[in-house]
Each structure stands twice: as structure tokens, then as C-alpha cells.
Amino acid sequence: MKIRKATKKDTENISKLFLEESSKKPYNQGYSLKTSKSRVKDMFNFGSIYLMIENKDIAGFISVAGEGKKDIYIDEFWIKEEYQRKGIGTKLLEFIESRYLKKGIKSISVMTSKKANALKFYKKYGFKKNSEDIILNKKLK
């Protein structure tokens with residue numbers, strides 16, 4: 001396994017992974033490949049993407065926004081289903097924590113669904129609810 005910073009040449013492969021995994025329950029985001037590519041381009045524009053490579057395959061990725069500030073935000077964090085529960089997510093998260101701690105970052109934020117397995121994962125690694133923030137949602141008709 002190897003972690004490396006993504007380049008724009010990786011956009012297609014990241015987009016496919018993102019599309020495949022974000023379409024599954026409980027997320028059901030329903031993106032098209034075009035929308036997925038657009039989201040990945042936004043990730044590059046607002047931060048950095050790091051890839052976990054396993055046998056020349058992108059096993060997962062994490063995108064980080066807010067670089068250059070005192071806090072960063074995990075924008076997207078996806079591991080291919082066949083690589084889940086094998087320590088890849090842990091290694092990517094530990095890599096990010098170490099990398100940004102060295103840069104003077106004071107905290108990492110992330111948003112996830114109550115229904116997602118990711119909630120247990122983040123809690124396991126010390127993430128806690130922030131009592132100051134609330135997420136509101138409005139359905140458009």
C-alpha cells in the first residue's frame with residue numbers, strides 16, 4: 001500500500017470510485033459520472049486529494065479542504081468496498097492527521113450521516129460532535 005497526492009490525471013479514476021461508492025446505501029447520492037467529475041474537480045480547486053494505492057489500483061481517497069488555515073475539513077473520504085475493513089481508511093486518516101499536524105493545523109472537521117458506518121469509524125478515532133454547529137436542510141419543490 002502506498003499513499004500519494006492525486007493529480008488531475010487521476011480525475012477519471014477518482015470520479016468512478018466516488019460515483020460507485022456514493023451511490024450505495026445509506027448515501028444514495030445518485031450522481032452521474034459527469035456530476036461526479038465536477039465534484040472531483042471542485043475537490044482539487046478547494047484543497048488536496050490523497051490516494052491509497054494497492055496493486056496499482058486506487059483503493060480509496062480522502063479530500064481535504066481549508067489548507068492554509070488553522071482548521072481543515074475532510075470533504076470526501078471513500079474506500080472501495082472490497083478494501084473496506086482492511087485498515088486502509090485508518091492509514092489514510094492517520095496520514096492526514098500526521099501531515100497536517102506538522103503544518104500547524106489545530107483541528108479536523110468532517111460531516112457524515114447518522115446512518116453511515118463512517119460515524120462509528122470517526123468516533124473510534126476521537127472525532128466528537130461539535131455542539132456549536134448544526135446542519136440545516138431544506139427540500140426544494
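The values are calculated or read from the model by the stated rules, or taken from the named source; none is laboratory data. Model, not experiment: these values are computed from the prediction. Please note: Cβ atoms are built from the backbone with ideal geometry, for glycine as well, and neighbour counts cover all protein chains shown. Side chains are part of the model used for accessible areas, which takes the heavy atoms of the whole protein and leaves out ligands, DNA and RNA. Shrake-Rupley method; radii C 1.70, N 1.55, O 1.52, S 1.80 Å.
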message = As a test of reading the structure, rank Asp10, Asp75 by solvent-accessible area (1.4 Å probe, protein chains only), most first.
response = Asp75, Asp10
key: Dipole magnitude of the chain about its Cα centre (Cβ charges: Lys, Arg +1; Asp, Glu -1), debye to nearest 20   = 240
remark   = Between Lys70 and Lys124, Cβ-based FRET efficiency (R0 30 Å, step 0.05) works out to 0.75
request  = At 0.36 nm per residue, minus the direct Cα-Cα distance, what do Ile53 and Lys141 gain on full extension? Give it in nm, one decimal, please.
outcome  = 27.5 nm
ask   = Which residues in region 78-101 have a backbone N closer than 18 Å to a point placed 7 Å from the Cα of Lys5 along the Cα-to-Cβ line?
value = 92-101
query = What per residue convex hull volume, in Å³, comes out for region 47-90 when only alpha-carbon positions are used?
reply = 70
message = Can you give me the % of accessible surface on the chain that is carbon or sulfur? Probe 1.4 Å, all protein chains present, nothing else counted.
response = 51
remark   = Of the listed links Lys9/Lys141; Lys25/Lys103; Lys16/Lys106; Lys9/Lys128; Lys25/Lys69; Lys25/Lys124, those spanning more than 30 angstrom between alpha carbons are Lys9/Lys141; Lys25/Lys103; Lys16/Lys106; Lys9/Lys128; Lys25/Lys69
ask   = Which value, in debye to the nearest 20, gives the size of the charge dipole of region 55-133 about its Cα centre, when Lys and Arg are +1 and Asp and Glu are -1 at the Cβ?
value = 340
note = Over the chain, the sum of -39500 (n - 2.57) across DSSP H runs of at least four, divided by residue number and rounded to 500 deg cm²/dmol, gives at 222 nm -11000 deg cm²/dmol
